[in-house]
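**Q** This is the structure, below, for whatever I ask next.
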Amino acid sequence: MDVAERLHAIGGALAAEARACNRDPDAILILAVTKFQPAEAIREAVAAGVADIGENYVQEARAKFAALGATAARRHFIGHVQSSKAKAIVATFDIVQSVDRVKAAAGLAAAAHAAGKRLPVLLQVNISPTERYGCSPAEAPKLADAVRALPSLRLEGVMAIGPMTADRDALRRAFQLAADTNAAIGGSVLSIGMSGDWREAVRAGSTMIRLGTALFGPRPSAPMSKSGSNVIAR
Ligand SMILES: *Cc1c(COP(=O)(O)O)cnc(C)c1O
């Protein structure tokens, strides 16, 4: 199967899952996660109708976006925000899903202000013992207030990564916690669900599932250079 065929199949399964829990399938976006995939994968996804692309590493993303030229797709940053990379992140992406502390927010806000932009952001909330980054659900309201005090940022909601577990109930509980946290901060975007757990995420109210391997197959283990060969440096 190619990317378009996989997207079509997932779109059908997503619509069925949404209807099964009385949700509007059109209220759930598919974000294509293209980390470590070649620029060609982005091109294929966009040609197949994907409107949102996610990348984790700034340098890798910049190289691939430059190779692609203009696309209509919205570019989401979903990796860890290092304050020292804030300017490059703001220059490269349309939205940042991974704001997990005040320092990251402040760095992005300064860079967005300097660029004359208002940057949409999500708070990354930690709902999993296996996940390293993200603010705790309890801290989220305070972080949300800090982000809302920065006029060059626009807080839209919450992103979270589900626990790496085969326990579907634990997954459901974790996603519910993300949904409750999003409600607590008054968010409208809930970015939860990946290739292995998007069904549980949709049941919990996800408005955006982030799919890598389900769309593109297994990931190469290091970023791709423009020529398609693996590069080690990120
Ligand atoms: C890699 C990644 C994904 C996609 O993971 P798959 O399991 O391949 O679908 C989604 N979200 C984030 C934050 C990621 O880093």
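Just so it is clear, none of the values below were taken in a lab; they were calculated from the coordinates. What you are looking at is a predicted structure, and each value in this text was computed from that prediction instead of being measured. Cβ coordinates were reconstructed from backbone atoms using ideal geometry, including for glycine residues, and neighbour counts include every protein chain displayed.
**Q** Would you be able to say whether some residue in the stretch 105-113 is closer than 30 Å to ARG173 by Cβ and of a type outside the set (Phe, Trp, Tyr)?
**A** yes
**Q** Give me a count of the residues in the stretch 14-43 that are within 16 Å of the ligand (Cβ to nearest atom) and free of Cβ contacts under 8 Å to residues at least 60 places away in the same chain.
**A** 1
**Q** From the list ALA86, ALA41, ALA70, which one is part of a loop (DSSP other than H, G, I, E, B) and more than 16 Å from the chain's Cα centre (by Cα)?
**A** None of the other options fit; the residue is ALA70.
Every residue, every condition in (1) buried (at least 21 other Cβ atoms within 10 Å of the Cβ); (2) not acidic (Asp, Glu), yes or no:
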residue	(1), (2)
GLN59	no, yes
ARG62	no, yes
HIS76	yes, yes
SER83	no, yes
PHE93	yes, yes
ASP100	yes, no
ALA112	yes, yes
GLY116	no, yes
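**Q** Follow-up. Is there a residue in the stretch 82-93 that is free of Cβ contacts under 8 Å to residues at least 24 places away in the same chain and either more than 12 Å from the ligand (Cβ to nearest atom) or on the phi > 0 side of the Ramachandran plot (or both)?
**A** yes
**Q** Another one. Please determine, by comparing only the residues of the stretch 120-155 that are closer than 19 Å to THR92 by Cα and surrounded by fewer than 23 Cβ atoms within 10 Å (Cβ to Cβ), which one is farthest from the chain's Cα centre (by Cα).
**A** So, considering only residues that are closer than 19 Å to THR92 by Cα and surrounded by fewer than 23 Cβ atoms within 10 Å (Cβ to Cβ), the one farthest from the chain's Cα centre (by Cα) is SER152.
**Q** Restricting the stretch 173-202 to residues that are surrounded by fewer than 17 Cβ atoms within 10 Å (Cβ to Cβ) and within 14 Å of the ligand (Cβ to nearest atom), which is farthest from the chain's Cα centre (by Cα)?
**A** Within the stretch 173-202, the match that is farthest from the chain's Cα centre (by Cα) is GLY196.
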